[in-house]
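One structure is given below, encoded as structure tokens.
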Amino acid sequence: MSDTASRNPSGAAQMMADALLRTVAGTTAYLRVAGANSNTDQGQLGLVATTFAEVAVSPVVMRKLRPDWREGGQSRWELLVSANGVDQQVNALDLQSAESLFAITLAVTVGRQDYLIESIAANEAVGQVYLYRILLREAGMQAV
């Protein structure tokens, strides 16, 4: 007999979120993260080129949000990301938390379109994160 009390985290919410995201045509998002530069004098002066990596996270589902009159016509999107998928990449990159992964993320690519992160929220059940909600905006031509 197992303890199924609400105080005992079982991972059921994470499994259900994964199943739901896969069922509604979940896809893969690629997080463009900055690689670690060497901590040398050349790296600190910017003489060493910054490396980038594409980190695949799945399952994810993306939906377009209603436009707001204050936005100036720029489309905004919400990306629903499985906490299990994020945890796998956090472990693979040897990071401390999901927040540190999102902190080093420069852009998100879904279906050959780049997006910039505006905000991140975590949904929890029984003290465990089961879903990340990432608010994105389209990455247009940026002034350098």
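Given their separation in residues at 0.36 nm each and the Cα-Cα distance between them, Arg76 and Ala53 gain 5.8 nm when the chain is fully extended. The phi-based Karplus calculation (6.51 cos²θ - 1.76 cosθ + 1.60; θ = phi - 60°) puts the 3J(HN,Hα) values of the range 76-82 at 10, 9, 10, 10, 9, 10, 5 Hz, whole numbers, x for Gly and Pro.
Close amide H pairs (under 5 Å, H built 1.01 Å from N) link Leu65 with Arg76, Trp77, Glu78, residues at least 5 positions away or on another chain.
Backbone amide hydrogens, once placed in the peptide plane, bring Ala139 within less than 5 Å of Asp114, Tyr115, Leu116, excluding anything fewer than 5 places away on its chain.
Near Val61, once Lys and Arg are set to +1 and Asp and Glu to -1 for all other residues with Cβ below 15 Å from its Cβ, the sum equals +2.
Coordinate-derived values only; no laboratory data. Just so we're clear, the structure is a prediction, and the values are computed from it rather than from any experiment. We place every Cβ from the backbone using ideal geometry, glycine too, and count neighbours over all the protein chains shown.
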